[in-house]
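Everything on this sheet refers to the single structure shown next.
The values are calculated or read from the model by the stated rules, or taken from the named source; none is laboratory data. Only a predicted model underlies this, so the values are computations on that prediction, with no experimental measurement involved. Quick reminder, even Gly has a Cβ in these numbers, built from the backbone with ideal geometry, and neighbours come from all protein chains shown.
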Amino acid sequence: MTLLPKDNEHASLSRKKPLRRTVSSSRGRRRGASAACGKVVALPRQGATRSFEALARSVTQDVHPHSLLDELCRLGLAEEDGEQVRLVRESVVARPDSDRAYQYLGNNVGDHLRASVANLLADAPPHVEQAVFADGLSDESMASFHEIARTQWQALLRAAVPALQALVDADREAGRDRGRRVRIGLYSYDEQTRDTAARDTPAVPAAGKVRRRSPRKD
């Protein structure tokens, strides 16, 4: 982790990664506590273990826990309640017109393309990269499917974040070489088609209206 520069603007940009990691770690550990006792558990602000201070120090040693907490509260991601800290929002969302949003776009699309190309060039596809296509849908059906997609993404987050955090912790404790990274995502895209005849055609595999795609090398 690079040390924060003295310039305030550069320091603010450098804090973004620790902020995202702190939110992700807090979300994963909070979900674990929720599953164990059936409710969300707030973290004590200070303490050697099981506290926001300990969580922040496990993410980075280059930013003071108090500075991280101030920034999380400023962004509306966390709140202080006496000596307790609660996560208010579960993700860091960049403004659509910000440089950070364009960086997210490049990172997400770039890794998607890398996975697709690697799968096409390999004898055995090394990455998960699949899709389902359907047409002949109404606006009402798309609204229902949007809810399905959002629900599936939340389910993936709930499973992936604590699992990845546990793997990171295990690798650190074991002293393993930790030179690998991973990006996991889910997307959906829909639009109005010009061919309205499809509305009268059942969307079944035999009719070619629902198709799964899995890249493979011929």
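Yes/no per residue for (1) exposed (fewer than 12 other Cβ atoms within 10 Å of the Cβ); (2) over 16 Å from the mean Cα position of the chain (by Cα); (3) at pLDDT below 95; (4) not assigned by TED's automatic domain parsing to the domain that holds residue 182:
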| residue | (1), (2), (3), (4) |
| --- | --- |
| 108 | no, no, yes, no |
| 115 | no, yes, no, no |
| 119 | no, yes, no, no |
| 131 | no, yes, yes, no |
| 146 | no, yes, no, no |
| 150 | no, no, yes, no |
| 153 | no, no, yes, no |
| 157 | no, no, yes, no |
| 162 | no, no, yes, no |
Notebook entry, point to check: Do we find a residue being surrounded by fewer than 13 Cβ atoms within 10 Å (Cβ to Cβ) and assigned to a helix (DSSP H, G or I) anywhere in the range 75-91?
Noted result: no
Checklist line | Long-range neighbours under 7 Å by Cβ, at least six apart or interchain, first residue at positive phi within the range 135-146, second hydrophobic (A, V, I, L, M, F, W, C) and in a loop (DSSP other than H, G, I, E, B) | finding: 136/203
Note to self: Of everything in the range 27-44, what is modelled with pLDDT of 80 or more and either part of a helix (DSSP H, G or I) or under 22 Å from residue 160 (Cβ atoms) (or both)? Give them in sequence order.
What the structure shows: 43
Item checked: Options 47, 76; residue that is outside the structural domain of residue 156 (by TED's automatic domain parsing) and at pLDDT below 80 -> 76
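For residue 157, state whether it is assigned to a helix (DSSP H, G or I), hydrophobic (A, V, I, L, M, F, W, C) and under 30 Å from residue 55 (Cα atoms).
Here the answer is yes, as residue 157 does meet what is asked.
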